[in-house]
């Protein structure tokens, strides 16, 4: 599959990095020449460092990448990282430790993370972060910070570059490319891994299909699944989470290939109990999945809310000016279809700044004439009918809210910022859909990142790293800053550097 929007960043022809005949020329047998020390499924956030560091150890590495470029979700990621004890922190006089980082993750997640994986990350994250900064990554000037959006750390250990994930890719890509040119890495682009090859319970390779439909078996002493999540596979989202895939905001190749291969090989999935929706976006249509259209600013610390938020019953469900986004996300989990509606009137539209990020008031007004999620009407009942919200419920809610504005007391939620009632027609309503960009459910692994069966026994020769492990294990039932990108980079580095055995 071709991804034109990625080609501008990094395009390596598979033939330019293959070793093929040159290995045979060094006196290896044909069987040995076709067996790699490490086959990595996925050339993204975790796969690139895994390949780079394994090659530096002298390993023969094959990278199978389904896209026409390497980089994976780094093209769309915010690239947020967290690490304790970094050179950057020390240069600023910040005293931080992996134990403090671990304690913060446990506190924010309410103890719901996989502790072995979090330990492995926090104890090695500083080395990963320093590796990036030593090779040119420049975090934003005020970084590290304690937090952004979700619950904060107690210490300043959260940082990212000015271009988000691309800031990381701009560092990792040239290192990978330089190592690949030394001849130990074979890169196969536009090649989709289809199944794991097994013998006597051990993984011995990967069967893959190229863009022409040709299937090839690749033999490997070890296989690393670094193929990302499943958020662009509607059937798998429904199966694993029990929710429809409402939105399609993720990397196009996040189809769950690696997870499904691991399950077929005897692995198991875990983390579903920790699913937590994000606050989401306004979508472009009723289609499922639909692409995000615009983000409404639901962060009171950045813009005080003038509007109210209601559910399908027309009822308010949260204190709109509560600065705890985590609490709003937990409450959204209780709402039908993980969605809510933003309601306001003409007076609020005129007096308040645009609540839609990067949209002017003119753009917002135009949206009410053409966008499916934007409705307006001259009465509250007509508004509710147009939006598919319970009319009686919405009428009662707005009457109660207007009384709260008049008395300056909100008996239902304790909201404090209530500058205007919702009383002047026309009335406006916009539907916002909750969803999550990252995959929650992941494949079970042990503390050495070996894929395991449900009884805890390891599947010989098989490892997993990156988003395939799932946010349910790495962040638990919460969002901790940097605890998806950093473990992906760190685990990839560790797999290549020391965990995966290499033939002497």
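The values are calculated or read from the model by the stated rules, or taken from the named source; none is laboratory data. Bear in mind that the values here come from a model prediction, so they are computed numbers and not experimental data. FYI the Cβ positions are ideal-geometry reconstructions off the backbone, even for glycines, and counts take in every protein chain you see.
Against the criterion of being in contact with a strand residue (DSSP E or B) (Cβ under 6 Å, 6 or more places away or on another chain), farther than 15 Å from residue 62 by Cβ, crowded, with 19+ Cβ neighbours inside 10 Å and at pLDDT 95 or above, residue 158 qualifies.
The single condition among (1) in the same structural domain as residue 460 (by TED's automatic domain parsing); (2) touching a strand residue (DSSP E or B) at 6+ places or on another chain (Cβ under 6 Å) that residue 284 does not meet is (1). Modelled with pLDDT under 95, in a loop (DSSP other than H, G, I, E, B) and either farther than 25 Å from residue 137 by Cβ or not assigned by TED's automatic domain parsing to the domain that holds residue 208 (or both): does that describe residue 24? Against the criterion (modelled with pLDDT under 95, in a loop (DSSP other than H, G, I, E, B) and either farther than 25 Å from residue 137 by Cβ or not assigned by TED's automatic domain parsing to the domain that holds residue 208 (or both)), residue 24 does not qualify. So how many residues does the stretch 134-154 have that are touching a helix residue (DSSP H, G or I) at 6+ places or on another chain (Cβ under 6 Å) and modelled with pLDDT of 95 or more? Residues meeting the conditions: 5. Looking at this structure, is residue 331 in a helix (DSSP H, G or I) and closer than 20 Å to residue 246 by Cα? Taking the combined requirement at face value, the residue satisfies it. Taking the criterion of being under 26 Å from residue 173 (Cα atoms), surrounded by 17 or more Cβ atoms within 10 Å (Cβ to Cβ) and in contact with a helix residue (DSSP H, G or I) (Cβ under 7 Å, 6 or more places away or on another chain), the residues of the stretch 79-117 that qualify are 79, 80, 81, 82, 83, 84, 85, 86, 88, 117.
Quick check, is residue 376 touching a strand residue (DSSP E or B) at 6+ places or on another chain (Cβ under 7 Å) and over 16 Å from residue 314 (Cβ atoms)? Yes, satisfied.
Looking across the stretch 339-392 at every residue that is assigned to a helix (DSSP H, G or I) and crowded, with 21+ Cβ neighbours inside 10 Å, the one that is nearest to the chain's Cα centre (by Cα) is identified as 387.
In the set (1) assigned by TED's automatic domain parsing to the domain that holds residue 487; (2) assigned to a helix (DSSP H, G or I); (3) farther than 30 Å from residue 444 by Cα, residue 133 fails one condition alone, (1).
Annotation: of all residues in the stretch 217-252 being outside any loop (DSSP other than H, G, I, E, B) and free of Cβ contacts under 8 Å to residues at least 24 places away in the same chain, the one that is farthest from residue 437 (Cα to Cα) is 217. Only one of the listed residues (385, 405) is without any contact (Cβ under 8 Å) to a residue 40 or more places away in the chain, assigned by TED's automatic domain parsing to the domain that holds residue 296 and closer than 24 Å to residue 293 by Cβ. That residue is 385.
The rows are residues; the columns are (1) modelled with pLDDT of 95 or more; (2) in contact with a helix residue (DSSP H, G or I) (Cβ under 6 Å, 6 or more places away or on another chain); (3) assigned by TED's automatic domain parsing to the domain that holds residue 282.
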site	(1), (2), (3)
409	yes, no, yes
413	yes, no, yes
422	yes, yes, yes
444	yes, no, no
447	yes, yes, no
460	yes, no, no
467	yes, no, no
473	yes, yes, no
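Across the stretch 181-195, the qualifying residues are those that are in a strand (DSSP E or B) and over 25 Å from the mean Cα position of the chain (by Cα), and the one among them that is surrounded by the fewest Cβ atoms within 10 Å (Cβ to Cβ) is 186.
Within the stretch 256-267, the set of residues being touching a residue at least 60 places away in the same chain (Cβ under 8 Å) and within 27 Å of residue 71 (Cα to Cα) comprises 256, 257, 258, 259, 261, 262, 263, 264, 265, 267.
So is residue 70 outside any loop (DSSP other than H, G, I, E, B) and touching a helix residue (DSSP H, G or I) at 6+ places or on another chain (Cβ under 7 Å) or not? It is false that residue 70 is outside any loop (DSSP other than H, G, I, E, B) and touching a helix residue (DSSP H, G or I) at 6+ places or on another chain (Cβ under 7 Å).
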